[in-house]
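Colleague: Dropping a structure here in structure tokens format, bear with me for questions.
The values are calculated or read from the model by the stated rules, or taken from the named source; none is laboratory data. It should be emphasised that the depicted structure is a prediction, and the values quoted were computed from it without experimental measurement. We place every Cβ from the backbone using ideal geometry, glycine too, and count neighbours over all the protein chains shown. Side chains are part of the model used for accessible areas, which takes the heavy atoms of the whole protein and leaves out ligands, DNA and RNA. Shrake-Rupley method; radii C 1.70, N 1.55, O 1.52, S 1.80 Å.
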Amino acid sequence: MSQQSSVIERHSRSRIRAREWLVAISAGATLAFTAWGLGGVQMWTLHVLLGGGLLTMSLAVFKVRLSRFPYFSLSRQSLRRLISWPPFWFSFLFLLYLLIGALNPSAEVVRDERGWWVEAVRAPVATWLPSSVRSDYQPMNAWRVLASFVAAFTLIWGLWAGLTRRKPVLLVLWCLLLSGAGMGLVAILQYLTDAKEVLWTFPSSNERFWGSFFYRNQGAAYLNLILVASGVLFFYHAKRAREFAKSGGPHFLCFVFFALTAASIGLALSRGGILFGGILTVSFLVLLAIFGLQSIFHSRSFWLCIIPVIILGLGASLAVSYIDFDAIEERFGDIGETIETADRDARTISTQATWEMTQDRLALGWGAGSFRYIFPMYQLNYLEIYYRYYHKKKGWVGRRIYNYAHNDVVQFIAEYGAVGSGLVLLTLLWILFSAFRIFSFAAFFLLVGFSTSMSHAFFDFIFNSPAYWMAFLALLVASSKLLQLEAARRT
């Protein structure tokens, strides 16, 4: 009887393991698509990401039993892990918040031959609840924003509920790293071949695209996430190699991908990408030096740090030979003058106008996807950003269109209010600090990566790229999960 029970138990474990691999494969494939899905800004790419998130979540919480007919049942263990995870409730409440707003529009976009404008309408549910602007799904409305957040949140729910072992989590992270580094290489090839279309295939109204992203700042920001992924995986694998006195390991590859990705960021000539990529690179090198000093006490593992440094040096020298530093210097311009004139910069002024928009509905916000429709009313107070330029004879000429505030932090508050933005912030912070069960170089570098992403979002609209947002959240959750599992192993 005991032998039969043992067989049943082993069979159950293998069945759970198979489902974990399916969750990891689904999540990994979805994250791989974030590197190639045109930033998720086209409708079909957004829906692919949404399908990937929903599939990952479904595989995590449902068990499939095959007999004469497939039989689906809920996995109690997965559900227990999910509902006991505070970020699930924060993110779930935020999705509910967005859904109420989408069902409760308090304004609508009206169009005729003269153009478009916004008119107030009676909120169908209640005026004291979250609201939105009624508009088309294409180009933007509350339902489209909801689809983007559902895609990202269901993916991380599936990762947290469905993965309990390190190898499937590592598969997810390596899928992100490999696809992202590959995209960085393709971006370099596009640069060297003077490509006129994104991935040599998709026409772009913005000539300054990078890799699979129509907007180079978002492409460079995404590659900064790949720097974070390569750094986290390097310190994780290097530490294990040192513990087990191994002469090699996957961390060597992480060096190669780090150098390749850094070179791609340098060539992108994105000021924000280069600035925060430089911070990540310097932080990585400092942590590497400390890690190497620790390794002096491990006679064999000391060389495991020296060899990668040589590899990184070779990769860096190769990157230097291709990066146009004169172009970077010209792109940044006179830093002192930039600081002195910061208050007259268009992005600074648009942030000020967005903050004025925020204060009129600080608690609940104007609604998901409402920025491009509401902002012109506040933009009109600043002629230098309302019009394209000033002509000496004609006066102010041309209307400047702002689809995003170029400041995600302020725009989030403007659209989702203090309540909605607070739920998102609680989700992010809880995920991040759950990685610090024990101190590790990987956890500290993850913290640096989170800080640079949040800082970059204050100067650009990187979080409004569904591909970036999904990769950002999944990287946080997968890294946190891996580090927690590693801490549990050590204890």
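Colleague: Just give me the residues in region 180-215 being at pLDDT 90 or above, of a type in the set (Ser, Thr, Tyr) and surrounded by fewer than 21 Cβ atoms within 10 Å (Cβ to Cβ), in sequence order.
Modeller: If the condition is that a residue be at pLDDT 90 or above, of a type in the set (Ser, Thr, Tyr) and surrounded by fewer than 21 Cβ atoms within 10 Å (Cβ to Cβ), then Tyr191, Thr193, Thr201 are the ones that fit.
Colleague: Can you go through Leu447, Leu432 and tell me which one is within 23 Å of Leu287 (Cβ to Cβ) and without any contact (Cβ under 8 Å) to a residue 24 or more places away in the chain?
Modeller: Leu447
Colleague: Right, next: Cβ-Cβ below 9 Å, separation at least six or inter-chain, first residue in region 60-79 and within 10 Å of Gly162 (Cα to Cα) and in a strand (DSSP E or B), second at pLDDT below 85 and open to solvent by 80 Å² or more (accessible area, probe 1.4 Å): which pairs?
Modeller: Phe62/Phe72; Phe62/Leu74
Colleague: Select, from Gly115, Gly158, the only residue that is of a type in the set (Gly, Ala, Ser) and in contact with a Ser or Thr (Cβ under 8 Å, 6 or more places away or on another chain).
Modeller: Gly158
Colleague: Return only the number of the condition from (1) crowded, with 17+ Cβ neighbours inside 10 Å; (2) in contact with a Phe, Trp or Tyr (Cβ under 7 Å, 6 or more places away or on another chain) that Val172 does not satisfy.
Modeller: In the conditions (1) crowded, with 17+ Cβ neighbours inside 10 Å; (2) in contact with a Phe, Trp or Tyr (Cβ under 7 Å, 6 or more places away or on another chain), Val172 misses (2) alone.
Colleague: Any idea which of Leu46, Leu55 is closer than 27 Å to Ala220 by Cα, surrounded by 13 or more Cβ atoms within 10 Å (Cβ to Cβ) and either of a type outside the set (Ser, Thr, Tyr) or modelled with pLDDT of 95 or more (or both)?
Modeller: Leu46
Colleague: Assigned to a helix (DSSP H, G or I), touching a Ser or Thr at 6+ places or on another chain (Cβ under 7 Å) and small (Gly, Ala, Ser): which single residue out of Ala151, Ala187 fits that description?
Modeller: Ala187
Colleague: As an exercise: evaluate Ser264 against (1) part of a helix (DSSP H, G or I); (2) over 21 Å from Leu189 (Cα atoms) and give the number of the one condition it does not meet.
Modeller: (2)
Colleague: OK, next. If the Cβ limit is 6 Å and pairs must be 6+ apart or interchain, which residue in region 266-290 that is under 12 Å from Asn224 (Cα atoms) and open to solvent by 10 Å² or more (accessible area, probe 1.4 Å) pairs with which residue that is at pLDDT 90 or above and of a type outside the set (A, V, I, L, M, F, W, C)?
Modeller: So the pair list comes out as Gly272/Asn217; Gly272/His456; Gly272/Asp460; Phe276/Asn224; Phe276/Thr452; Phe276/His456; Ile279/Thr452.
Colleague: Pairs under 8 Å by beta carbon, first residue within 12 Å of Gly369 (Cα to Cα) in region 98-109, partner open to solvent by less than 20 Å² (accessible area, probe 1.4 Å) and of a type in the set (Asp, Glu), six or more apart or different chains?
Modeller: none
Colleague: Let me ask something else about it. Of the conditions (1) open to solvent by 10 Å² or more (accessible area, probe 1.4 Å); (2) assigned to a helix (DSSP H, G or I); (3) farther than 18 Å from Thr34 by Cβ, Gln411 clears all except one; give me its number.
Modeller: Just one mismatch for Gln411, condition (1).
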